[in-house]
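Q: My questions all concern the structure below.
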Amino acid sequence: MQQLILHVDNEITTLDLVCEILTGAGFKVVSAKSGQECLDKLAEIKPSLVLLDIMMPDLSGWDVFQRLKLGGEKAKIVFLSVVEVSMERLEMLKKSGVSDYILKPFESDDLAKRIKSVLTA
């Protein structure tokens, strides 16, 4: 059975590219163009993983992550962002429930490999 990934990004080109990469790697991908759309879709679908951009106009990825944690969301969370974080911050994020943090720009093979790694962990 294909694992479902909910990818959230306000940049349409990034949504299309990530969808193409992850679909090619064997995943089913549903896209959301905003934090609110992500929350709305989570009321309908149960993804294995939520791939979240951080900088979005309505609700940031941080805001969405906090709401998912408070709501008891079971999906694994991975950030995909241009925002660099220190190793200390990354450790804090992992302790709070973030499975991985991938920087943009990314290599297609690396993105697929890291998503597979998170889902098999």
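The values are calculated or read from the model by the stated rules, or taken from the named source; none is laboratory data. Small disclaimer: the values here were computed from a predicted structure and weren't measured. Note: ideal-geometry Cβ built from the backbone for every residue, glycine included; neighbour counts use all protein chains shown.
Q: Going through the range 57-71 one residue at a time, which ones are surrounded by 15 or more Cβ atoms within 10 Å (Cβ to Cβ) and among the polar types (S, T, N, Q)?
A: Across the range 57-71, the qualifying residue is only S60.
Q: Might you check whether a residue that is surrounded by fewer than 16 Cβ atoms within 10 Å (Cβ to Cβ) and either under 14 Å from K116 (Cα atoms) or of a type in the set (D, E) (or both) occurs anywhere in the range 34-41?
A: Yes, because at least one residue in the range 34-41 is surrounded by fewer than 16 Cβ atoms within 10 Å (Cβ to Cβ) and either under 14 Å from K116 (Cα atoms) or of a type in the set (D, E) (or both).
Q: Residues in the range 55-72: is at least one assigned to a strand (DSSP E or B) and in contact (Cβ under 8 Å) with a residue 12 or more places away in the chain?
A: No: the range 55-72 contains no residue that is assigned to a strand (DSSP E or B) and in contact (Cβ under 8 Å) with a residue 12 or more places away in the chain.
Q: What's the number of the only condition in (1) closer than 26 Å to K46 by Cβ; (2) surrounded by fewer than 16 Cβ atoms within 10 Å (Cβ to Cβ); (3) touching a Leu at 6+ places or on another chain (Cβ under 8 Å) that E84 fails to meet?
A: All conditions are met except number (1).
Q: Would you check if there is a residue in the range 44-51 being out of contact with any Lys or Arg (no Cβ under 9 Å at 6 or more places or on another chain) and either more than 18 Å from C19 (Cα to Cα) or in a helix (DSSP H, G or I) (or both)?
A: Checking the range 44-51: at least one residue is out of contact with any Lys or Arg (no Cβ under 9 Å at 6 or more places or on another chain) and either more than 18 Å from C19 (Cα to Cα) or in a helix (DSSP H, G or I) (or both).
Q: Considering every residue within the range 5-15, establish whether at least one is modelled with pLDDT of 95 or more and farther than 15 Å from K104 by Cβ.
A: yes
Q: Another question, if that's okay. Out of all the residues in the range 85-104, is one or more part of a loop (DSSP other than H, G, I, E, B), at pLDDT 95 or above and out of contact with any Ser or Thr (no Cβ under 7 Å at 6 or more places or on another chain)?
A: No, the range 85-104 contains no residue that is part of a loop (DSSP other than H, G, I, E, B), at pLDDT 95 or above and out of contact with any Ser or Thr (no Cβ under 7 Å at 6 or more places or on another chain).
Q: Moving on to the next point. Is there any pair with a first residue in the range 80-100 that is of a type in the set (S, T, N, Q) and a second that is not in a helix (DSSP H, G or I) whose Cβ atoms are under 7 Å apart and which are 6 or more apart or on different chains, and what are they?
A: Within 7 Å, the pairs are S81/D53; S81/I54; S81/M55; S81/L103; S81/K104; S99/K76; S99/I77; S99/V78.
Q: Moving on to the next point. Any residue in the range 109-121 that is within 15 Å of H7 (Cα to Cα) and aliphatic (A, V, I, L, M) sitting within a Cβ distance under 6 Å of a residue that is part of a helix (DSSP H, G or I) and at pLDDT 95 or above? List the pairs, counting only those 6 or more apart or interchain.
A: Once the first residue is within 15 Å of H7 (Cα to Cα) and aliphatic (A, V, I, L, M) and sits in the range 109-121, its partners that are part of a helix (DSSP H, G or I) and at pLDDT 95 or above give L111/I21; A112/I21.
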